[in-house]
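The structure appears below as structure tokens.
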Amino acid sequence: MWLEWKRLTAIYLEKGKPRGLRPSIDRINETEGYSFSNIAAMSQHDNTKRATAQPHFLIKMYDSRNPESSRTFRKYDTKRGALEAIGLSQTESDSGKYYEANGCVYLLQSSALTHGEKELIQKEDDDKEKTYRGSIPIAKIELEDGRTAIISQEFTYTQSAVIIKEPIEE
């Protein structure tokens, strides 16, 4: 593993190389902890690609067009597929993060987290919970000049998770 780490570091440090070539470690078996026998060196790009290739749930938490509607969810084969379904790209896409799209607020999280097989954890370098800012569209008004304006309620929230206890028919 050390030789691979050194090789990836040398590539990353070459002038003009993209950040995705930065070396990182990942667990070989996700259900086990970090140990020398369960880690592998890989580029940050490959590590991210591996994580986002796992099934993810997109949970609709709020719909401004129908505020009384119940929460719904859908499983996607990849994180990218879930985000694309609501018209977003995969830039900063943490599990437990809320996304606003088309007047709705969605929670994105991995299948393992949704089924309660894995806990929402903070990275070791985080000294406090992750917090995000967002907004929920609450009203649409017609302006005197004929334009339409949307009024939104700003909010701040910490990274969170929804765990589904009942079996899900997939």
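Readers should treat all values here as calculations from the given coordinates under stated rules, not as data from a laboratory. Quick caveat, the model's predicted, so the values are computed rather than measured. Positions of Cβ are backbone-derived with ideal geometry, glycine not excepted, and every protein chain shown enters the neighbour counts.
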Proximal charge balance of residue 81 [Cβ under 11 Å; K/R count +1, D/E count -1]: +2
Simple spin-label estimate for residue 36 and residue 74 in nanometres, 7 Å along Cα-Cβ: 4.8 nm
Shape metrics for the stretch 1-70, restricted to C-alpha atoms - Rg then Dmax, Å: 18.5, 57
Difference of contour (0.36 nm per residue) and Cα-Cα distance, residue 14 to residue 60: 12.2 nm
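For the stretch 35-94, what does the convex hull of the Cα positions come to per residue, in cubic angstrom? Walk me through the intermediate numbers first.
Details: hull volume 6.8 nm³, N = 60.
In the stretch 35-94, the Cα convex hull volume per residue is 114 Å³.
Just to confirm a number: summing +1 for Lys and Arg and -1 for Asp and Glu over residues other than residue 20 whose beta-carbon lies under 11 angstrom from that of residue 20, what do you get?
Charge balance near residue 20 sits at +3.
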Extension gain, residue 138 back to residue 89 (0.36 nm per residue minus Cα-Cα distance, nm): 15.2 nm
